[in-house]
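The values are calculated or read from the model by the stated rules, or taken from the named source; none is laboratory data. Being a predicted model, the structure only gives us computed values, none of them experimental. Cβ sites come from the backbone with ideal geometry, for glycine too, and all protein chains shown count toward neighbours. Surface areas here come from the heavy atoms of the whole protein model, side chains and all, with no ligands, DNA or RNA. Shrake-Rupley method; radii C 1.70, N 1.55, O 1.52, S 1.80 Å.
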Amino acid sequence: MKKIVAILLSLVMSMTMLVGCGSSPAPAGGGAPAPAAEEEAEAAEPAGEEAAAEESDIITDFGGEKITVVMYGGNPEQPGVERVFKKINDYFMDKWNIDVDIQFFTFADYVQDTNLMLSSGEQCDIFCSGQLNFTSTVANESCYNMYEDDLIQKYGKDILNLVDQAFLNGATVDGALYGIPTMRDLAVGMWCIVIAREYLDGIGFDYSNIDTEACNPATPEEMTELFAKLHEAYPDINVIYPWGRNLLNQKFVYDPIGGDDFGVLLDPVNSLEVSDLFSSDMFMDYCKLMYEWQNAGYISKDAATQTEGGGTQIMAGTLMADTTGGKPGIVRQKEVERGDMDSIAFQMGPNFVRAEQATVAAWSINSDCANPEAAMVVLNALYTDPVVTNLILWGEEGIDYVFTEDGHIDFPEGKDKDSSEYYNITPAWALPCEYTTYVRVGDALDLWDQTIEFNNTSDKSKAIGFSFDKSEYSAEYTALINIWDEYAPALLYGMVDPEVTIPEMIERLKAAGLDEYIQAKRDAVEAWAAGE
């Protein structure tokens, strides 16, 4: 219990820092604005008969109402899952008389299986709408408005204290709050490359100026020089597996507002000007670098059709490095993904928060939910209750984990990841909120404080809070994405000369309506900025 109290105190202090970094004002129709301190205090402590009326209006016993939560992660077939999930259900039954049924799907199956539940009418009360494409899910009317009847104000107050209003605005459409942003690393360290250390050791790499637990600043020129040495020493192993189209926005700073690359902010920290990414120098320079690395033999000729992830290739001994988004703890995360293989990280860009971070992994309540009040209580706990979050992430204390003397958690004596009944069912970042979870041995004990600081101090897009409804332009979007999908693999893995291919692609995109689509975004941004 002492550990839980300590975590809650730390969380409150950290969230004060997060909210203190400032909130963008809500645009017109953008949801309830954050209250001033005096107003918040008054709202929190109504007096006399008003207070009694408000308290009597709050449901505290839900009569065994069933709420189904659909989550995603790694292996939901572990022997300890039933035991741990029963423990979670018991907690909700004892505290609120809510019967919580957690359904877990793998990362690969989540989108298809959750969409099937939603379309078939199967009970699916809480789900990650961000994984399903938030804008599309809202357009399909699958998300409940959490501002309706003061639902979140009554049953999700802890969420309101946790999440910066600017991010809530980003999940608000026409005044309706349809999702809650995941509280994790909201910023991304641009263009982080993580190399298995054994290969650096093999070329006699100098670690004297390297932080082995963090992302080390580097330039494309420095990485190219390093790759040349690695390729010379290990000519039969691919050096780098760069990500493709879906994660291009983690390579260099631009903001794909509206969730796509057709009309972006090229200077998002300073300007709301909407421009064409594909005509920009930064896109051409990136593709030129990939073309150079491909011709030098650093990237596999089969990279564009590779179905295995970078970690799998590295463990198989066919790859030395892959790409990721930088953040506190990323080195340890990648090492775990690689079977505890020591690794070193380099980062070629700044830390940046995109506007879409409000919705890219947002959690929602189903619009067909029979009891949204009970669902809001459960969602609030998933964000802020350490009993719930740590049961989901780590299992039961004494059975699945124990505390070390310094406050980390580790496997009980005689157990490891292979013999544990409940381990790694999901990573912390896939939870609605990771800030209330314990930290395993190997990570810094203050990992979540570091993460909050990382979010607070990173460059932020001026478009946080903006959302774009592309439903009126679905035909144009489909045509554009089909063309981009046709060209992206060859360009982004360096298979073709970008100076020849990019102009050809742009010509086809323009013929398919690129300029009109960009103008629609430009008009939407201007209206949003004007508060219309």
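Residues in segment 260-304 that are open to solvent by 40 Å² or more (accessible area, probe 1.4 Å), among the aliphatic types (A, V, I, L, M) and farther than 21 Å from Val500 by Cα: Leu266, Val269, Leu272. Here Met190 meets each of (1) without any contact (Cβ under 8 Å) to a residue 60 or more places away in the chain; (2) farther than 28 Å from Asp400 by Cα with one exception, condition (1).
In segment 487-503, is there at least one residue being on the phi < 0 side of the Ramachandran plot, surrounded by 19 or more Cβ atoms within 10 Å (Cβ to Cβ) and among the charged types (D, E, K, R)? No, segment 487-503 has no match at all. If you check Leu230 against the conditions, is it aliphatic (A, V, I, L, M) and at pLDDT below 90? For Leu230, the condition - aliphatic (A, V, I, L, M) and at pLDDT below 90 - is not met.
For beta carbons closer than 6 Å, sequence separation of 6+ or different chains, a first residue in segment 393-412 that is farther than 22 Å from Tyr72 by Cα and outside any helix (DSSP H, G or I) and a second that is of a type in the set (Asp, Glu) and open to solvent by 40 Å² or more (accessible area, probe 1.4 Å), the qualifying pairs are Thr404/Asp410.
Here Tyr423, Tyr438 are screened, and the one residue that is aromatic (Phe, Trp, Tyr), assigned to a loop (DSSP other than H, G, I, E, B) and within 20 Å of the chain's Cα centre (by Cα) is Tyr438.
When the criteria are applied in full, Ala362 meets the requirement of being under 23 Å from Gly189 (Cα atoms), hydrophobic (A, V, I, L, M, F, W, C) and crowded, with 24+ Cβ neighbours inside 10 Å. Within segment 460-477, residues that are of a type outside the set (Lys, Arg) reach partners that are modelled with pLDDT under 80 and open to solvent by 70 Å² or more (accessible area, probe 1.4 Å) with beta carbons closer than 9 Å, at six or more positions or on different chains, in the pairs Gly465/Pro25. Note on segment 469-497: among residues that are among the hydroxyl-bearing types (Ser, Thr, Tyr) and within 14 Å of Ile518 (Cβ to Cβ), the one that is modelled with the highest pLDDT is Tyr477. Within segment 52-110, the set of residues being touching a residue at least 40 places away in the same chain (Cβ under 8 Å), part of a strand (DSSP E or B) and buried (at least 18 other Cβ atoms within 10 Å of the Cβ) comprises Glu65, Ile67, Thr68, Val69, Val70, Met71, Tyr72, Gly73, Ile98, Val100, Ile102, Phe104.
All of Lys288, Lys251, Lys229 fail the test of being within 26 Å of Asn482 (Cα to Cα) and more than 23 Å from the chain's Cα centre (by Cα), apart from Lys288. Cβ-Cβ distance below 7 Å, separation of 6 or more or different chains: which pairs start in segment 147-159 with a residue that is more than 18 Å from Asp174 (Cα to Cα) and end on one that is among the β-branched types (Val, Ile, Thr)? Listed by first residue and then by second, the contacts come to Lys154/Ile58; Tyr155/Val377; Asp158/Thr384; Ile159/Ile152; Ile159/Ile180; Ile159/Thr384.
Residues that are open to solvent by 20 Å² or more (accessible area, probe 1.4 Å) and hydrophobic (A, V, I, L, M, F, W, C) within segment 468-482 comprise Ala475, Ala479, Ile481, listed in sequence order.
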